[in-house]
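This report concerns only the one structure given below.
The values are calculated or read from the model by the stated rules, or taken from the named source; none is laboratory data. Treat the numbers as computed from the prediction; the structure is a model and nothing was measured. Every residue, glycine as well, gets a Cβ built from its backbone with ideal geometry; the counts of neighbours run over all protein chains shown. The area values use the complete protein model at the heavy-atom level, side chains included, leaving out ligands, DNA and RNA. Shrake-Rupley method; radii C 1.70, N 1.55, O 1.52, S 1.80 Å.
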Amino acid sequence: MLKSIKTKILIIQFGLVLFIVIVLGFFGYSLLVGYLKTAQKEKLEFIARHKADMMQSYFSEKKVLMKRMSEGSEIKLYYRKYQDISLLEYFAKFKEEFPVLSFVNEEGLEEVKIVNGEMSEGLRDISKTVIFQDALWEHNKPVISPLEYNHELGAPAINLAIAKYAYFGDEFVGMLLGTIPLSEITKDISRLEVGESGFISLIDRQGNILAYPREDKIPNRITGRGKEAKELISNAMALKNGFARATILGLDGFVAYAPVKDMEWSVIVTLPYDEFISLPNKLRNTFFGGTFVILVVSGLLNLKITGSLIKPILKLNLAAKALSEGNLSQRVDIESKDEVGTLSESFNRMSENLEQIIQKEKKLAETDRKRAEELKKAYAELEKSEDAALNIMEDLDKQKEELQNAYKELQQEIAERKNAEEKVKASEERTRLLLESTAEAIYGLDLEGNCTFCNPSCIRILGYRDQQDLLGKNMHNLIHHTHPDGTSYKMTECKIYQAFREGKGTHVNDEVLWRGDGTSFPAEYWSYPVFREGKIIGSVVTFVDITERKKVEEALAQRAQELTRLNAELQQFAYVASHDLQEPLRMVTSYVQLLEKRYKGKLDTDADEFIGYAVDGAKRMHMLINDILTFSRVGTRGIPFKLTDCEVVIKQVLTNLQVTIKETKAEVTYDPLPEVMADDIQLAQLFQNLISNAIKFRRKDLPRVHIAAKKEEDYWVFSVHDNGIGIDKKYNDKIFQIFQRIHSRDEYPGTGIGLAVCKKIIERHGGQMWVESEPGKGSTFYFTIPIKEANEGKEESRG
Ligand code: ADP
């Protein structure tokens, strides 16, 4: 937009006009406003002065009148004491000028008085009044009194008086006293207009308001707001001239004041600010309105002028643009003979020349184009045939390549297949070998339960000649149809078929299978489902003939039974033997002892010695039999297990052993011990044997024994540790056998039954016992007791 010349010119012109208008307007406006303000001020001042002058001349006139009155023949006649001459008529002539008029005699008494043209009876003595005194001084010169309230008129008024001196001016003959009401004096003020809403007021030197023409209630004193007002009021009261802007009597305005000298009054003219300023305001509005109109008009004019100037240039511009876009026939109208006209002419000529040149070139180009096209066609034909030939060759190449690839793939496939076949063959061979060599019978089943393959062991064990006898046959009907007791085995219950019915492996330990000849044999079999691509397609069954194993198992069971019986018998025998042997032994012992008692020293020394051996032998025999009895009682006299607190047991054992412990100064300690399921009497016997052994097999130092228990998975491991002589490793097993000892009886007393009893007790409780020891340092005896629930182990009773 700004690129266009027209816009630029418009903006420049418009800006120029705007600038000039604003500058000139502003100065003009300021000058005018200044002038207006001065004019207003002068006007107000003039009004004030004029009014003051008017009043001044009013009073002068009244004075002149008073003087003239005093010089009237009526007055002369009167004071010359022609009493019969009445002044009333004379006074009535002046009732307009002086509503109250009186003649005062030399003593200051009113003699004649009219009020509003009527004779008044209210004659006063004014000899003491200021005006009387003032007038007395001024011989034949009128004086004016200050404003005072007049009773006759009932209003504020001023008095004028003139003292009449006659007889060559030496003798005071009387005084004329006239009264003018204030309203009469100020009526002109009320009438005078100051602008539309301005007014004139009158004040005296005290600031009392004498005239106030506005309709509001007349205020008593002049008032003002602000510094200017105060200054203005004091100036006015000092009878000065002046002008100011101030808020007087509640009105913000411009105020001019001027004194009325004779009366010591001041005229105050007030023009409200709004009115004072209304003219400049009007002027301002007119100025702005005018500026706007000037701008609009100048804008339109600009538009018009620049339009007519720019139009031919625009046309030329458009034509040049059209020419640049290829429109060679474009010409411009020549509207004027100025520079633009010449430019347009040159443009038209240039376009013409250009058009001719281009026409020529076009023709040449056309012939060239035609030739080129023909050449192109010929070349295209040539290229086409060449392309066709190339395409055929490419196709051939491609086909050849494809054939080669296909051949390669075929060869690879053949190789892979061969490889796979070989692998399959090898695997089949391995499977075949495996199947044929294994002693276990193996056969396959389809989903109907028919045989799909079988190995030589299978054919052999089932008593057939070759696999044709089995292939395709229902194997349940063939080999699994009947239970050992002769009842039929239903196919729906067949555990072999369960494998492919339920998809999980089955293992049966003890069923019979039937041979081809109708006999049966015990068998153990496994049947596993066979999957292909996630689906069950049948199962593979493996079985073995367990006839031999069964026989062995039966024999073993028989042997075990026999052993148990023998063991029981042996235990019974040991118990009975030792028990029954006790009686004859007691007899032998008591009689041998009797022999010793009666015949010791009475026979020869040999006899004494022999009797001694016999007594000793009998005692030992007694001990041995007791030991055997104790040992056999472990198995035969045990009581049922119950929950036993080991700490309670230990405490009991320590009480039993207290004499030994005291004698040997042994120290026996124990950790917190558990509760176990046990025969408490036997448990006490066990601990007592172990602790007394620990003390018995002590070294020279004081014996120290410590008992502890440790929890393993499902049993407690107890340990009884001592600091005794220790045991050589090679005796670790021997010491637990009955009557087996390492030391002679002279070294350490004992029969070698203690540890055997301990071991038997532990075995009865389902545990184990062993020793770990280092000779000369000490031994630790370990035993285990299974952790059982309180209700378990009840079956354990006398075995
Ligand atoms: P006895 O104590 O009657 O000899 P035991 O069966 O109790 O029979 O002990 C067998 C043997 O084991 C003992 O003769 C002894 O040699 C050895 N023995 C047992 N307890 C200990 C022990 N705490 N320290 C060393 N040896 C021991």
query: Any idea which residue in segment 211-228 is farthest from residue 187 (Cα to Cα), counting only those that are open to solvent by 70 Å² or more (accessible area, probe 1.4 Å) and modelled with pLDDT of 75 or more?
result: 227
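Quick grid of which residues meet (1) in a loop (DSSP other than H, G, I, E, B); (2) of a type outside the set (Asp, Glu); (3) at pLDDT below 85:
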site: 235; (1), (2), (3): no, yes, no
site: 255; (1), (2), (3): no, yes, no
site: 259; (1), (2), (3): no, yes, no
site: 262; (1), (2), (3): no, no, yes
site: 271; (1), (2), (3): no, yes, no
site: 277; (1), (2), (3): no, yes, yes
Out of 243, 347, 276, 254, sole residue that is without any contact (Cβ under 8 Å) to a residue 40 or more places away in the chain and surrounded by 15 or more Cβ atoms within 10 Å (Cβ to Cβ): 347
message: Among the residues in segment 744-762, are any farther than 14 Å from residue 630 by Cα, under 60 Å from the mean Cα position of the chain (by Cα) and surrounded by 14 or more Cβ atoms within 10 Å (Cβ to Cβ)?
response: no
Residue pairs meeting the criteria (Cβ under 8 Å; at least 6 apart or on separate chains; first surrounded by fewer than 15 Cβ atoms within 10 Å (Cβ to Cβ), in segment 707-718; second not hydrophobic (A, V, I, L, M, F, W, C)): 710/719; 711/674; 712/784; 714/786
query: Do we find a residue being part of a helix (DSSP H, G or I), within 14 Å of residue 314 (Cα to Cα) and touching a helix residue (DSSP H, G or I) at 6+ places or on another chain (Cβ under 9 Å) anywhere in segment 333-340?
result: yes
task: Please work out which residue is farthest from the chain's Cα centre (by Cα), limiting yourself to segment 490-517 and to residues that are charged (D, E, K, R) and open to solvent by less than 70 Å² (accessible area, probe 1.4 Å).
output: 515
- request: With the condition kept exactly as written, say whether any residue in segment 524-545 is open to solvent by 40 Å² or more (accessible area, probe 1.4 Å), out of contact with any Gly (no Cβ under 9 Å at 6 or more places or on another chain), among the β-branched types (Val, Ile, Thr) and touching a residue at least 24 places away in the same chain (Cβ under 8 Å).
  value: yes
- prompt: Is there a residue being touching a residue at least 40 places away in the same chain (Cβ under 8 Å), more than 8 Å from the ligand (Cβ to nearest atom) and open to solvent by 60 Å² or more (accessible area, probe 1.4 Å) anywhere in segment 688-703?
  reply: yes
message: Condition first: within 15 Å of the ligand (Cβ to nearest atom) and among the hydroxyl-bearing types (Ser, Thr, Tyr). Now tell me which residues in segment 641-687 satisfy that.
response: 660, 664
field: Any hit, segment 450-462, residues being modelled with pLDDT of 90 or more and surrounded by fewer than 15 Cβ atoms within 10 Å (Cβ to Cβ)
entry: yes
query: Of the residues 618, 568, 614, 666, which is among the aliphatic types (A, V, I, L, M) and surrounded by fewer than 17 Cβ atoms within 10 Å (Cβ to Cβ)?
result: 568
query: Which of (1) open to solvent by 50 Å² or more (accessible area, probe 1.4 Å); (2) of a type in the set (Gly, Ala, Ser); (3) touching a Pro at 6+ places or on another chain (Cβ under 8 Å) is the odd one out, the single condition residue 266 does not satisfy?
result: (1)
message: I need every pair where a residue in segment 766-781 that is of a type in the set (S, T, N, Q) has its Cβ under 7 Å from the Cβ of a residue that is in a loop (DSSP other than H, G, I, E, B) and near the ligand (Cβ under 8 Å from one of its atoms), sequence separation at least 6 or different chains.
response: 773/726; 773/727; 779/724; 779/726; 779/727
Of the criteria (1) open to solvent by 90 Å² or more (accessible area, probe 1.4 Å); (2) of a type in the set (S, T, N, Q); (3) closer than 30 Å to residue 450 by Cβ, which one residue 558 fails: (3)
Residues of segment 229-240 satisfying the condition of being open to solvent by less than 20 Å² (accessible area, probe 1.4 Å) and more than 13 Å from residue 202 (Cα to Cα): 229, 232
field: Residue satisfying condition, being closer than 30 Å to residue 186 by Cβ and either aromatic (Phe, Trp, Tyr) or open to solvent by less than 60 Å² (accessible area, probe 1.4 Å) (or both), within set 260, 340
entry: 260
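How many residues, within segment 76-131, are among the basic types (Lys, Arg) and in a loop (DSSP other than H, G, I, E, B)?
5
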Scan of segment 96-111 for residues that are open to solvent by 20 Å² or more (accessible area, probe 1.4 Å) and either farther than 15 Å from residue 68 by Cα or in contact with a His (Cβ under 7 Å, 6 or more places away or on another chain) (or both), ordered by number: 96, 106, 107, 109, 111
